[in-house]
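Please read the structure below before turning to the comments.
Read-outs throughout are calculated quantities, based only on the coordinates presented, and are distinct from any laboratory measurement. Everything quoted here is computed from the prediction, not taken from an experiment. Note: ideal-geometry Cβ built from the backbone for every residue, glycine included; neighbour counts use all protein chains shown.
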């Protein structure tokens, strides 16, 4: 779901966002345009929607797709170890930002 659709449905939600400019890997490979955004149910942390806009987005979005299909919560993504430096750690950072706990922004 998009944030607009979640609002229209009247769902209480939270958003986590992480910019490519804050990723060490994105800076190192000179691909700093873009962001990762995840939308969750405010009460249980169910992942309602996710967006990855930027370099290698098509490679990264599958993690959120798998999480949604497996009914994982945003906290489970937040607490999963992601290698550093990688672009995929931006998915973990966006998940962390849902609770305002992202460490690189």
* **Residue in the range 38-51 that is touching a residue at least 60 places away in the same chain (Cβ under 8 Å) and surrounded by 14 or more Cβ atoms within 10 Å (Cβ to Cβ) present** => yes
* To do: State which residue pairs qualify: first residue touching a residue at least 24 places away in the same chain (Cβ under 8 Å) and inside the range 63-86, second residue surrounded by fewer than 17 Cβ atoms within 10 Å (Cβ to Cβ) in any location, beta carbons under 6 Å apart, and separation of 6 or more residues or different chains.
  => 85/24
* Say whether the condition of being within 11 Å of the chain's Cα centre (by Cα) and closer than 16 Å to residue 1 by Cβ is met by at least one residue in the range 27-35. => no
* **Test for residue 12: is it out of contact with any helix residue (DSSP H, G or I) (no Cβ under 6 Å at 6 or more places or on another chain), loosely packed, with under 14 Cβ neighbours inside 10 Å and on the phi > 0 side of the Ramachandran plot** => no
